[in-house]
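Input: a single structure, listed below in structure tokens.
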Amino acid sequence: MGKITLKQAAAWCGGTVDKKYEDVTFFGASNDTRTLKNGELFVVLQGARDGHDYIPAAMKKGAAAVLCTRRVGDYPAIYVEDTRLALGRIAGYERERLGMKVVAVTGSVGKSTTKEMVAHVLGSQYRTAKSPVNHNNGIGMPMAILAIPEDTQVAVLEMGMNHFREIAYLSHIAQPDYAVIVNIGTAHIEYLGSMQGIRQAKMEILEGMCDDGQLFLNGDDVMLRRLPERPAQKITYFGEAGDCAVRATDIVSKDGALSFTVETGKISFPVKIPVEGLHFVADALAAVAVGLAMEVPAETIGERLGSFQNMEGRQEIIKTEAYTIIKDCYNAGPESMAAALKVLGAQNGRRIAVLGDMLELGDCAEAEHYRVGRIAAENADLVFAYGTNAGRVHIGTVTGGMSCAKSQYFDTHAALIAALRRAAKPGDVLLFKGSRGMHMEKVLEGFLA
């Protein structure tokens with residue numbers, strides 16, 4: 001594992017370090033004493049509480065050193081003006097030092113699953129590292145880079161955002177050789193104003209990429225087809241459209257599996273993935289396209305996708321003695337909510353949709369929750385909605401043809417759980433989904449308790 005000395009890191013970020021601590025080394029970084037690992041750099045951040053207050057606890061937990069703005073005791077430390085920017089600078093230099101290839105992944109929906117699929121495919125041929133869960137912002141992604149082992153050949157890094165210039169910042173740190181944009185949806189439209197604004201923010205992924213890099217775009221997404229200007233990098237389109245360079249045909253999603261045939265040039269090969277839902281086609285095709293570009297054999301790509309397992313909380317199927325649970329509580333937007341409801345609609349048995357609010361939709365919130373209600377009416381037998389906009393979901397279900405008796409809405413977890421317990425019967429299939437801030441996993445835990 002590569003270790004960085006405090007002297008080296010201080011030079012990279014313009015910080016200072018006491019001479020007696022210059023040769024102290026660290027591997028990895030954390031800003032949370034609860035998850036801090038022995039030998040990591042503890043990054044002090046200013047939140048609801050001053051991170052400097054946690055320095056003694058971090059050192060006791062095994063931190064090698066601290067990145068901070070002022071002295072708190074006699075500890076190995078790098079002193080800087082802005083710890084967030086310093087962390088990014090250190091990560092940028094470490095990315096250059098390691099010299100691995102970088103694949104950057106972003107998109108409004110499915111970027112985490114795509115990141116996992118790409119890493120799984122590339123892991124067959126290369127020593128591959130990837131972003132951990134939730135490490136896709138200006139703090140998490142640099143920490144992911146600092147945890148990359150010395151011998152890594154390829155790093156697959158997820159990039160998220162909810163404001164302009166966030167992905168540009170991440171791209172300059174990661175300097176991707178390959179970049180994937182899965183789609184342009186309505187997530188975070190509250191801060192970005194329009195679909196065009198969301199596309200502009202996603203396209204910032206190119207700012208840290210050299211001109212001979214390669215960009216992979218969803219050819220079925222009209223926003224990615226109609227770019228306002230063509231970038232310097234080579235573009236490879238993947239999708240179902242006939243002119244896509246990497247194309248899916250003969251698509252079938254049933255019985256917990258997704259299968260299709262990949263057509264690319266003169267090559268054709270089958271893929272069968274143990275996930276259900278047509279929305280996974282784009283994620284898988286992105287992994288196929290990147291794999292082929294990085295010379296992974298077609299047969300190997302098919303085998304790797306056949307053994308793929310998604311992350312916990314992403315359309316995770318849980319079988320209990322009484323119920324089938326579709327746990328999809330990690331996050332939600334209009335596109336992913338519609339996709340999850342269609343998966344529910346394809347299930348056998350009575351179908352119950354347990355839906356939390358979709359956040360950060362701004363002026364679109366009421367209309368989008370109403371639309372989700374109409375989609376829920378088509379795919380569920382019962383709907384339980386929770387949150388500020390749950391009433392709009394309810395109105396959408398009723399307008400969509402569902403009776404008021406089969407659609408309910410709630411403003412507390414406790415009321416929702418109680419109603420759900422009364423309504424659920426053995427053999428039911430239940431979907432739990434909502435934005436992360438709605439904590440729908442707690443509703444599921446309460447229901448199963």
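Once you place label points 7 Å from the Cα toward the Cβ at residue 49 and residue 436, how far apart are they in nm?
Roughly 2.1 nm, to one decimal.
Place a +1 charge on the Cβ of each Lys and Arg in region 370-449 and a -1 charge on the Cβ of each Asp and Glu, then give the dipole magnitude about the Cα centre in debye, rounded to the nearest 20.
Details: 10 positive and 6 negative charges, 21 e Å.
Here region 370-449 has a charge dipole of around 100 debye.
Measure off, as a whole percent, the carbon and sulfur share of the 1.4 Å-probe accessible area of region 316-443, all protein chains present.
Accessible surface attributable to carbon and sulfur in region 316-443 totals 50 percent.
A 22 angstrom limit on the alpha carbon distance is what I want to check against. Which of 111/319; 60/130; 272/342 exceed it?
Beyond 22 Å: 111/319; 60/130.
Rank-order 64-72, 172-180, 281-289, 342-350 by packing density, defined as the average count of other C-beta atoms within 10 Å over each peptide's residues, highest first. Intermediate results must be reported in sequence, preceding the final value.
Values: 64-72: 20.3, 172-180: 24.0, 281-289: 28.3, 342-350: 16.7.
With the highest mean Cβ count within 10 Å placed first, the list reads 281-289, 172-180, 64-72, 342-350.
I need the helices of the chain that pass two filters: whole DSSP H segments spanning 18 Å or more by Cα along the axis, and mean Kyte-Doolittle score no lower than 0.5.
280-293
Of the listed values [x] 38, 28, 20; [y] 56, 24, 21; [z] 34, 27, 20, grab the one calculated as semi-axes √(5λ) of the Cα gyration tensor in Å from the structure here.
Derived directly from the coordinates: [x].
Name the residue farthest towards the positive end of the dipole of the chain from the options 241, 423, 157, assuming +1 on Cβ of Lys and Arg, -1 on Cβ of Asp and Glu, about the Cα centre.
Final value for the positive-end residue is 423.
Put +1 on the Cβ of each Lys and Arg and -1 on the Cβ of each Asp and Glu in the chain; which of 86, 181, 332 then has its Cα farthest toward the positive end of the dipole?
332
Between residue 57 and residue 235, what's the calculated FRET efficiency when r is the beta-carbon distance and R0 is 51 Å? Round to 0.05.
Calculated transfer efficiency: 0.55.
What net charge do the residues around residue 161 carry, taking every other residue with its C-beta under 10 Å from that of residue 161, with Lys and Arg at +1 and Asp and Glu at -1?
Charge balance near residue 161 sits at 0.
Using a 1.4 Å probe on the protein heavy atoms, what percent of the accessible area of region 1-62 belongs to carbon and sulfur?
Values: 1710 of 3450 Å².
The C+S portion of the solvent-accessible surface of region 1-62 is 50 percent.
Can you tell me the relative contact order of the chain? Whole percent, Cα pairs under 8 Å, sequence separation 6 or more.
Relative contact order comes out at 11 percent.
So with the 1.4 Å probe, I'd like the accessible area per residue for the chain, rounded to whole Å².
Roughly 43 Å² per residue, with all protein chains present.
The values are calculated or read from the model by the stated rules, or taken from the named source; none is laboratory data. These numbers were taken from a predicted model, which means no experiment stands behind them. All Cβ positions, even for glycine, are placed from backbone atoms using ideal geometry, and neighbour counts span all protein chains on display. Surface accessibility is based on the protein's heavy atoms, side chains included, excluding ligands, DNA and RNA. Shrake-Rupley method; radii C 1.70, N 1.55, O 1.52, S 1.80 Å.
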